[in-house]
Each structure stands twice: as C-alpha cells, then as structure tokens.
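Contents: one structure, followed by commentary.
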Amino acid sequence: MSANNDVLLHVDNLVMHFPIYRGVFQRQVGAVHAVDGVSFDVKRGETLGLVGESGCGKSTTGRTILQLYKATAGKVLFDGADLMSLKREEMRWMRRQMQMIFQDPYASLNPRMTVADIVGEPLMVHNAATGKEIQERVAHLLELVNLSPSFAGRYPHEFSGGQRQRIGVARALALQPSFIVCDEPISALDVSIQAQVVNLLEELQEQFNLTYLFIAHDLSMVRHISKRVAVMYLGVIVELAERDELYSQPLHPYTQALLSAVPIPDPLADARRKRVILEGDVPSPVNPPSGCRFRTRCPIADKICAETRPEFRQLKPGHFVACHFAERFLQ
Amino acid sequence: MTETTPSGDNTLLRETAAIREIGRLERFLGPENYRIMVGLLKTPASIIGFVLIGVFIIIALAAPVIAPPVTPNDPYKIPRDGFSSEPQPMGSPWTRKTPPVPFWYEPIMGTDQWVHILGTSQGQYDVFYGIIWGTRTAFRTGLIVTIATFLIGIIIGSVSAYYGGIVDNIIMRVVDIFLTLPFILAALILAAVLTPRIGKSLFPAIIALVTFGWMGYARIIRGDILSIKERDYIMAARVIGVKDSRILFRHIIPNAIFPTLVLASLAIGDVVLSFAALSFLGIGTEVGYADWGQVLSFARNWITSLNTYWYIVVWPGLTLVLYVMGFNLVGDALRDVLDPRMRGKS
Ligand SMILES: Nc1ncnc2c1ncn2[C@@H]1O[C@H](COP(=O)(O)OP(=O)(O)OP(=O)(O)O)[C@@H](O)[C@H]1O
Ligand code: SF4
Ligand SMILES: [Mg+2]
C-alpha cells in the first residue's frame, strides 16, 4: 500500500502499547497491546468503517492516528506529512485538518461551557475568527447540524443525547477539516435517532468532501455509511475490503463469525447460511496469543497458527486478509 | 438487518421545544455541582447547620449595634469594669467607664442601666462583649486561614496533578510527611516560635494554621484533576488544538474545583476551633482581645470554683460549640452527597 495522491491518510504498521507499572518503584511490568501493527489507507472523500468487539483497540487506533497518544511504533502520513515527526506547534496547527467525533455525547462536552463557547473554541484557539465573527460562524455551524442558533447560550446538560451529538459535530466542523474520526458516534444514541445522525454525517460529507474513519462495534452499523470496511480483532486488522465484497464474501473466520451473528431479513437465506458460533472469550491484550491472535477461538485453527503470525496480504484486488487459510474461502 | 436507512429529511431534527427546562442556578453551576447543592439543601441536619451559620453571620455583621464598643477605633478590645480578679455574676451593673448602651436594651429591659449581661470574667472583662466581637474574630481568622490554605492547596495540588511523574511523586511524599505531624502540636510550636518575632497578634496563629493545613486540599484537588483529566471533553479539547495551559484553566480546574471549594468553606468551623485552642493555651492575641479562645482562657484559674462562676466558661464555650457545629452539620451532609468521590481525603 504505497501513498499516492488520492490517499489522504496512510497508516503503516501502527503500534500502541500502554505500559503497566507496578510496585513502589513504579517499574514497568508489562503492557496493554492495544494496537499491534495496523496498516491501512483512507482515500480522499471515502468512509472507511472500522469494526470490532469492545476493547479490540478501535478507539486507540483513532486516537493514535490523531496523535493523542504517542505511538509505540509505526508511521502516520496525513496528506503526505509524517505526523509523528511534527513539532508540538506544527501538530497543533495540523489539527485544523483532522477532527474527531466522540462516542459519549454526555462526556465529550465540557459541562461548564455554553454551546457557543464549545463550538467557538476551535475558532478562537486557532485565531480563525474573532469577536462577532465567531458568533456568526457559530450560528452558521449550528444551523448546519440542524440546531437552532438561539441555543447558543445554553449549556450541554440542557440538551438531549442526539442534540448533544450534533453539538459535537458542529465543533468538529468548525475548522473545516478534511478528515474526521467518528468514534462510535451513534452507539450511545437511541435507535430512533441513530439514523438521523448518520444521515447528517453523510450530508455533511457530501457538502464538504469530508473523509471519515467511522468506528463501530458491529458490522450492521457501518454497512450503510462505509465504502470500505476493516475488521479488527485484539489489536490487529484481520480483514479489509470493499463493503459489498466483505459482506458477501468474507475471507477471515472472524469476519464470517461476526456476519453470521447479524440477522438478515430473508428467512430462507437466513436458514441456508452456515452459522459460526464463537466460543470462549477474547484473550487479554496484556498477554495476546502467539501467532494468529484469533487462534484461541478459531474453528479452523491449525498448528501453524500458533507459530507464525499470518501476514496481512492482498488476496484479491483491494481485499486484504490476515489468515493462513483464507484461500479456502475463495470461490 | 438493522441497517440505517436514509430519509434525506433532516428537517425533522429541528426540535425547538424538546429542550429540557432548567433553572438559573443549575445552568450556572452545571449538573454535578447542582446535584451537590440540592443534596445539601435537602438534608435537615444541613439546614440546621445553615441556620446556625446564618445567625453567626448576622451577629458578626451587627456587632457594633449589639454591643457598641467603648473605643470605636479599637472595637476588638473587650471593655473592662475594674481590675479585680474575681468574676462578677450575670446582670451586675457597670460601675466604671460604662460603654454606650445599645438601642435595643431600653425597650426590652425597661431601664437604661447597662449591665454585664453574661457577667465578667477574670480581670473584669465583659463576657458578652467578648462573645459578640469574638464572632467577628472567628470569621476573620476562619476566612483568612481557609482562603490561604485553599489557595496554597489548589496551587500545589494542580502542579502535582498537571506535571505528574516525579514532580507528583515528590509533592505527594511531602504531603504525606506533613500529614504525619500532629496538627495542633505542630501549629502550637510554630506559633510559639513566631510570636516573639512578629509580636502578639492574630498572625502567628494564622501562619501556623496555614502552614500545617493545606495538605487536605492539595490531595482532593489533585484527585479531582486526575479524574477530570480523563474525561472525553479534555480529549476533545486536545483534538481541537487547545494549548495545555488553557486546558488546565478553562477545562480542568473549573470542573474540578467545586468540591474543594465547598469543603474549604465548611472548614471555617474547624479552623476556629484550632485557633481557639491556640488562644486558650496563651498563644495568639494580646490579653483582652475579643476572641473566644481568649475569653475561655480567663477561666483557667477558676476551674475549681466553676460551680459558682459557671457563666465564664459556659457562654463562650456554648458559642464556640454552636459555631463549630453549624459548619460540621453542613460538612457531614456534604460528605454524604459527595460520598463516592471522597476517597483520598485526609
Ligand atoms: N489510556 C489507556 N491506558 C491503558 N490502557 C488503555 C488505555 N486506553 C485503552 N486501553 C486499553 O486498550 C485496549 C483497547 O482499548 P480501546 O478503547 O481502543 O478499545 P475499543 O475497541 O475502542 O473498545 P470500545 O468498543 O469499548 O470503545 C483495552 O484493553 C483498553 O483497556
Ligand atoms: S490464521 Fe489460523 S487461527 Fe488465524 S484465523 Fe486463520 S485459520 Fe484461524
Ligand atoms: Mg472505543
């Protein structure tokens, strides 16, 4: 995967280990292998879905890309710029290009600031506007996310979950970024308003030519919005493909298991499907299994799976998978 | 498949009436702090506490009217009625240098003969004056000590939490060491050392109480900052590109400071108790200064005959107890409201 002009974000072998300290002298006794060698590209204007169970490292991936954690290893190229080599102030400047929308709309807004302060803060700290101009821009941003500008003087706790999430979206849009990490932006919302927020994100994407990394914990949530989908398990990406390709011909046993858990509306087709039930629990990221991360739960695991880590390879054009035996599922 | 379907109709989203109605106070304080306030105002014990504190505030404000001073430019000097050492009983008339009679006295008592309402103590110091003007002293010392310890605690705690690592480790060890010192004894020694240097006044005791009183605040604010630091809105501020100093002052401290602030304001009672203790032991103000500990200390030589002279210890003692109780009642209620967050309090 080499960088070219329609690639906006290039992530190369990203590793994020959180050290664990113990004892009086705070010695490091281990590490949480939250992200362990993740590579992918995000193309301009597309939405890449990132899916995986809770705790598999999705948020950490998004946050490490945005340089909110100092990566243990790897490379992040954004629009050609190597983010990890940027100085503090350069990175701060770069942040205008890359924003984030959070999962929990209650926790991600400062309860002591008004909506106007929250949405206007990015403009203020980057000197993008001053005084009255900030007010006008805030009003405009609120309209963009379908909130009345008359709410500007209110505090976050006066709003419903969906409304708060839209305040978060307005804040992310304030600096006119090109890339937004959407970290499970709808998981915490009522089902009835999830669609509204997704539609809003899509409309905004079209209007401003935004690129999304859209994180979710189940495949049905990203299906509608994503152009391509990456499936993550215990710190690694196990499969990445165009959406329709991934849903119709999953090549990794884990993806197959996830898909078989998703109910499909046609009962006949549903009955014909082969069900893969996952056994056991996700192993601890402090002490991940050797070789293939998935081998402790994989129905077709073999000796080699414990010995060598499967390479993340391109089996079909644009279809990447990390499994020794993925060929079996090719038709 | 629970797939989300596009409706293309976001006009539905224009909720205008869905906004939750909330009061001014909640808006101003934010939801967490508001919950604390409401919790406090709902507990009967804390209401009694607030009433007691309120009464003392009124006494302090109205002191010149309740007990007009003999020497208006030195009102904290307790007026004396002679120099004999034996206390005079309650209601005995003023004989020398009678202070101005307060306006409320004649309508109630039907006479303009000003008496020692609560008697006189050793050296003919008027107990009533000592208590009334002592209320002002109590608030003054309480406020000065509390504000100073609060500020020092906030600064040290913030620095510790903000820099983390070695700085945090060192500061927290220093806090531990200070906490192992016996508070009153340490304060007593420091005040005793300071008194000959800066003279007899409120200050030696104030400095001593501040020196050994800031650690609790430092710990609490440090804990609160560390917990606030992990909130998503701090992460959000970093994503936006807010500078560290602004994150600390605009995002972290305003959200972390409220519990410490409330605790501090309730610590005034304890400060006054410690202050009275130092004063009783003879460290602090010059003899005759209106201060509860000082008034109590007049009783030291009469302990064996307190069944005759009970009023020289009961009235100032009761005043002190009610004052401290007022703050403690509110403080206990606060602890209940804050409960899960009280870990780490000294
Ligand atoms: N700051 C941190 N320090 C230490 N460990 C962390 C930190 N952040 C995350 N982890 C650990 O890293 C692993 C991955 O966490 P992460 O939040 O990225 O998962 P996730 O896929 O986003 O899960 P979820 O769906 O629950 O949000 C988890 O085991 C988590 O406990
Ligand atoms: S590499 Fe082995 S264990 Fe891993 S998914 Fe493939 S078959 Fe299963
Ligand atoms: Mg997450």
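Can you tell me how many residues within region B:235-246 are more than 7 Å from every other protein chain (Cβ to nearest Cβ) and either open to solvent by less than 10 Å² (accessible area, probe 1.4 Å) or in contact with a strand residue (DSSP E or B) (Cβ under 8 Å, 6 or more places away or on another chain) (or both)?
Final tally of qualifying residues: 1.
Pull up region A:201-215, narrow it to residues that are assigned to a strand (DSSP E or B) and not hydrophobic (A, V, I, L, M, F, W, C), then point me to the one that is farthest from A:Leu8 (Cα to Cα).
A:Tyr212
Return the pair list, or none, for Cβ contacts closer than 7 Å from residues in region A:200-211 that are within 8 Å of A:Ser178 (Cα to Cα) to residues that are among the acidic types (Asp, Glu), at least 6 apart or on different chains.
Note: pairs meeting the criteria are A:Thr211/A:Glu46.
Tell me which residues, restricted to region B:212-234, are more than 7 Å from chain A (Cβ to nearest Cβ) and either surrounded by fewer than 19 Cβ atoms within 10 Å (Cβ to Cβ) or under 19 Å from A:Ile118 (Cβ atoms) (or both).
Those that are more than 7 Å from chain A (Cβ to nearest Cβ) and either surrounded by fewer than 19 Cβ atoms within 10 Å (Cβ to Cβ) or under 19 Å from A:Ile118 (Cβ atoms) (or both): B:Leu226, B:Ser227, B:Ile228, B:Lys229, B:Glu230, B:Ile234.
Could you please find all residues in region B:74-107 being among the hydroxyl-bearing types (Ser, Thr, Tyr), without any contact (Cβ under 8 Å) to a residue 24 or more places away in the chain and assigned to a loop (DSSP other than H, G, I, E, B)?
Once the filter is applied, which keeps residues that are among the hydroxyl-bearing types (Ser, Thr, Tyr), without any contact (Cβ under 8 Å) to a residue 24 or more places away in the chain and assigned to a loop (DSSP other than H, G, I, E, B), region B:74-107 yields B:Thr95, B:Thr98.
Do we have any residue at all in region A:285-293 that's away from ligand 2 (no atom under 14 Å from the Cβ) and among the aliphatic types (A, V, I, L, M)?
Checked region A:285-293: at least one residue is away from ligand 2 (no atom under 14 Å from the Cβ) and among the aliphatic types (A, V, I, L, M).
Among the residues of region A:263-299, write down those that are surrounded by fewer than 17 Cβ atoms within 10 Å (Cβ to Cβ), among the aliphatic types (A, V, I, L, M) and at pLDDT below 90.
Of everything in region A:263-299, those that are surrounded by fewer than 17 Cβ atoms within 10 Å (Cβ to Cβ), among the aliphatic types (A, V, I, L, M) and at pLDDT below 90 turn out to be A:Ile264, A:Leu268, A:Ala269, A:Ala271, A:Ile277.
Can you tell me how many residues in region A:141-157 are more than 10 Å from chain B (Cβ to nearest Cβ) and not in a helix (DSSP H, G or I)?
Of the residues in that region, 1 qualify.
Show the residue pairs meeting these rules: Cβ distance below 7 Å; 6+ apart or different chains; first residue within region B:30-55 and without any contact (Cβ under 8 Å) to a residue 24 or more places away in the chain; second residue among the charged types (D, E, K, R) and part of a helix (DSSP H, G or I).
These pairs meet every condition: B:Tyr34/B:Glu26.
If you take the residues in region A:169-195 that are part of a helix (DSSP H, G or I) and farther than 22 Å from A:Glu46 by Cβ, which one is farthest from the other protein chains (Cβ to nearest Cβ)?
So the residue we want is A:Ala170.
For region A:126-140, state whether one or more residues are surrounded by fewer than 20 Cβ atoms within 10 Å (Cβ to Cβ) and facing chain B (nearest Cβ under 9 Å).
yes
For (1) among the aliphatic types (A, V, I, L, M); (2) farther than 25 Å from A:Ala128 by Cβ; (3) within 12 Å of ligand 1 (Cβ to nearest atom); (4) open to solvent by 10 Å² or more (accessible area, probe 1.4 Å), each residue gets a yes or a no:
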residue	(1), (2), (3), (4)
A:Gln26	no, yes, no, yes
A:Val29	yes, yes, no, yes
A:Phe40	no, yes, no, no
A:Lys70	no, yes, yes, yes
A:Asp79	no, no, no, yes
A:Met94	yes, no, no, yes
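Looking at region B:108-155, which of its residues are open to solvent by less than 10 Å² (accessible area, probe 1.4 Å), under 19 Å from B:Phe280 (Cα atoms) and not in a helix (DSSP H, G or I)?
Selection gives B:Thr120, B:Ser121, B:Asp126.
Filter region A:160-187 for residues that are more than 22 Å from B:Val242 (Cβ to Cβ) and open to solvent by 10 Å² or more (accessible area, probe 1.4 Å) and give the result.
A:Ser160, A:Gly161, A:Glu184, A:Ser187 - these are the residues of region A:160-187 that are more than 22 Å from B:Val242 (Cβ to Cβ) and open to solvent by 10 Å² or more (accessible area, probe 1.4 Å).
Can you give me the number of residues within region A:97-111 that are within 14 Å of ligand 3 (Cβ to nearest atom), facing chain B (nearest Cβ under 8 Å) and either part of a strand (DSSP E or B) or on the phi > 0 side of the Ramachandran plot (or both)?
1
Could you say which residue among A:Gly80, A:Gly45, A:Gly57, A:Gly30 is within 16 Å of ligand 3 (Cβ to nearest atom) and touching a residue at least 40 places away in the same chain (Cβ under 8 Å)?
Unique residue meeting the criteria: A:Gly57.
The values are calculated or read from the model by the stated rules, or taken from the named source; none is laboratory data. Quantities reported herein were computed from a predicted structural model and do not represent experimental measurements. Every residue, glycine among them, receives a Cβ derived from its backbone with ideal geometry; neighbour counts consider all protein chains shown. Heads up: the accessible areas ignore ligands, DNA and RNA and are worked out on the full protein's heavy atoms, side chains in. Shrake-Rupley method; radii C 1.70, N 1.55, O 1.52, S 1.80 Å.
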